[in-house]
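> Input: one structure, supplied below.
The values are calculated or read from the model by the stated rules, or taken from the named source; none is laboratory data. The structure displayed is predicted, hence computed values, not measured ones. Here the Cβ positions follow ideal geometry from the backbone for every residue, glycine too, while neighbour counts run over all protein chains shown. For accessibility, only protein heavy atoms count, side chains too; no ligands or nucleic acids. Shrake-Rupley method; radii C 1.70, N 1.55, O 1.52, S 1.80 Å.
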Amino acid sequence: MASATLKLRKDALLGSISSVSGGSPDQESVESGTKRSTVSSSSKSRARKEFFNRFVDCENFTAHIEDWFHSIYEKSAPKNPAFDVPFELIELQKFDYALEGVSFQQLIRMPNAVYASTSDAAEATAYLAVEDFLHATVKGLWEAFWSQDEPMPFSVACLYKENLKFYQAEKAIASGKLESLCATGVLLKNPRHPHGKWDNLLELALLRPDIRSLSLESEHQPSLHVLGEALFYALRMLLSRSLSRQDFPLGPNSVFVLLVDSQYGVVVKVEGDVNKMNFDVNYVYECAADWIKKHARIAVSPVDRIWNKLGNANWGDIGALQVTFATFHCIMQFAGLPKHSIEDLAADHGSRLQTRRVERQLGDTRVNGGGLFRFQQHGVSPEIVEVQDESVKIESEMLKLEVGSVLWLEDSNWQQGYHINQVGSNSELPYYIASPVEDPGKSFFLYVGSHPSQLEPAWEDMNLWYQVQRQTKVLTIMKQKGLSSKYLPQLSASGRIIHPGQCRRPSSGGNCDHPWCGTPILVTSPVGETVADMVSEDGIRHGDIRPENVICEGKLCSASDAESLVYMLYFACGGALPDLDSVEGALQWRETSWSRRLIQQKLGDVSTVLKAFADYVDSLCGTPYPMDYEIWLRRLKRSIHEEDHGKEIDTST
């Protein structure tokens with residue numbers, strides 16, 4: 001009994017000591033796990049840093065991606081680039097409009113390889129010119145998009161190959177380091193590191209001779225030697241960012257490397273998560289090559305001219321523009337989104353264009369607020385001529401949209417801009433495929449209606465009224481009542497066009513005296529092949545196949561309209577289109593197809609609803625219904641001159 005009591009006291013004492021020291025078994029296991037996790041994380045960080053320090057041999061890396069590089073080119077179609085482009089043309093066009101008011105000035109001219117000697121002086125000047133070009137680009141972009149008051153937080157320096165540190169070009173050349181310079185970089189200013197840090201590197205430009213000639217040898221894409229070097233430096237930038245404590249507002253997983261010679265340039269974009277890399281310090285280049293092959297997304301721009309023969313940068317051309325756009329994205333990675341967006345600056349293009357037109361004294365010629373399409377005004381003869389009342393035709397000012405145009409739409413509560421991507425026509429009436437300025441990834445059908453004052457003069461304007469005003473009313477009612485179908489368009493937006501200048505619309509309603517004021521706009525979705533296109537492609541020669549020509553107040557109108565619609569559905573569902581060379585052959589095919597129920601069977605394979613519709617048409621029309629040849633004879637008789645007893649036919653009819 002005494003021994004048992006002693007054992008209990010001993011256990012209690014040990015327990016109290018354990019609780020005081022915080023050493024319970026569960027807590028000890030947690031602490032040991034935390035220590036192991038910390039040690040593991042620390043060892044991974046050291047391994048990654050060691051990996052980065054050993055990743056210094058560009059030629060070794062290039063050798064490990066050679067087979068992959070050649071396989072990429074072999075798989076690409078002839079005359080097609082092996083890699084995607086970093087920027088779409090529409091992005092560059094919008095950026096170009098935004099840069100209209102931005103001043104860039106390269107003071108150190110690029111020596112032209114054709115006229116300059118191959119001396120060290122020419123090479124030194126080339127490095128100074130690249131450095132000045134990047135400085136002018138970054139300075140102009142910073143002041144235009146971010147701040148004109150705050151000092152630019154970036155600097156430009158050249159990379160020294162021997163120690164992979166950065167030096168000002170003039171200082172490096174003066175100290176005899178010209179031959180060891182290998183690139184020029186844009187860096188975030190860091191007073192504690194005068195020779196730069198790799199995680200402070202925004203962008204790197206590699207100055208290499210004959211970028212264009214080397215690209216011509218490899219079907220307008222950079223050669224393995226040049227592209228391999230770009231990928232090597234891009235990977236070093238990504239690795240350094242993964243080790244950095246610096247904040248990257250838009251993420252650290254994409255970098256840009258520029259390839260330039262004395263005239264031409266290429267933008268290379270490399271994107272990917274380096275955390276997916278195997279950081280085996282014993283196989284640095286094998287692991288790096290494997291990551292490039294499996295996890296990297298690489299985009300390469302076409303080779304385009306940056307500098308002219310005088311050594312001046314062609315800022316407004318696509319070569320310098322895509323380099324500038326790449327630099328813009330690099331600044332965003334470090335400085336965040338700009339205070340003034342591209343859309344904000346591009347919107348001023350219209351007012352600048354209007355000012356230019358006033359300077360040129362173009363009178364009443366006006367442009368849309370987007371400034372990207374023409375405003376045409378028909379001329380009037382100055383002579384006074386006598387005309388018959390019935391021959392008077394009112395000439396109207398017409399609005400024409402082109403690819404690249406920007407049209408602004410206003411409703412009662414909001415405004416929306418649309419960028420025209422494609423122009424089409426439906427029965428000679430134009431329609432457009434457009435994307436919202438704020439969301440260029442989406443596409444919509446856009447229709448421009450007829451101005452209310454122009455409905456009477458031209459029948460075409462009545463067709464426009466049907467296409468826009470009436471369709472807007474129908475789709476609005478459907479949207480309000482929650483009616484929708486995947487076979488019918490849906491209303492996305494509707495309103496009036498925003499015309500240039502001040503709108504003097506009276507408060508009581510109506511329109512001002514501007515010829516575009518009140519012009520209706522309709523935007524629908526989804527985008528796809530229109531019924532008119534299907535009818536045209538399938539050779540249906542009916543005059544006007546529309547729903548109201550087929551079914552009106554629950555009854556069928558013309559039997560021929562309904563039958564033509566069935567043919568359209570038949571061909572759209574994959575029915576065989578016969579090769580008909582005569583009216584007789586068409587009538588024979590028609591009779592055979594209906595009597596053997598080939599059309600109903602085909603539509604039935606697709607949908608029982610379509611088959612039911614075909615049977616319904618067949619029962620009402622009694623197809624194949626007999627042809628009334630008297631109609632054609634009467635039309636022929638009207639075309640024959642009565643006094644010639646039918647011997648001469650007017651072939652113009």
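> Using the heavy atoms of the protein chains and a 1.4 angstrom probe, tell me the accessible area per residue for region 42-342 in square angstrom.
Working: 14060 Å² over 301 residues.
So region 42-342 comes to 47 Å² accessible per residue, rounded to a whole number.
> Here is a follow-up. Enter the accessible area of Met237 (Å², nearest 10), with the probe set to 1.4 Å and all protein chains included.
0 Å²
> Given H placed 1.01 Å from N in the peptide plane, which residues other than close sequence neighbours of Thr519 have an amide H under 5 Å from its amide H?
Counting only residues 5 or more places away or on other chains, the set is Ile497.
> Pop out the carbon and sulfur fraction of the accessible area of region 42-342 as a percent, whole number, probe 1.4 Å. Write out the running numbers ahead of the final one.
Values: 6810 of 14060 Å².
So the carbon and sulfur contribution to the accessible surface is 48 percent.
> Continuing with this model, one more query. Mind listing which GluC sites (Glu not before Pro) in region 93-174 are in a DSSP loop and have 11 or fewer other Cβ atoms within 10 Å? Mind dumping the intermediate values first?
Values: sites: Glu100, Glu123, Glu131, Glu143, Glu162, Glu170; in loops: Glu100, Glu162.
Passing sites in region 93-174 are Glu162.
> Then there is this: Once you charge only the Cβ atoms, +1 for Lys and Arg and -1 for Asp and Glu, what is the size of the charge dipole of region 140-296 about its Cα centre, to the nearest 20 debye? Kindly include the intermediate steps, with their values, before the conclusion.
Details: 16 positive and 19 negative charges, 83 e Å.
Dipole of region 140-296, to the nearest 20 debye: 400 debye.
> To continue, here is another question. Loop only by DSSP, 15 or fewer other Cβ within 10 Å of the Cβ. Give me the trypsin sites (Lys or Arg not before Pro) in region 127-236 that pass, ordered by residue number. Working shown, then result.
Details: sites: Lys139, Lys161, Lys165, Lys171, Lys177, Lys189, Arg192, Lys197, Arg212, Arg236; in loops: Lys161, Lys177, Lys189, Arg192, Lys197.
Here the sparse-neighbourhood loop sites are Lys161, Lys189, Arg192.
> Could you pull out the GluC sites (Glu not before Pro) across region 400-432 that fall in loop regions by DSSP (anything but H, G, I, E, B) with no more than 13 other Cβ atoms inside 10 Å? Let's see the in-between values first.
Details: sites: Glu402, Glu410, Glu428; in loops: Glu402, Glu428.
Qualifying residues, ordered by number: Glu402, Glu428.
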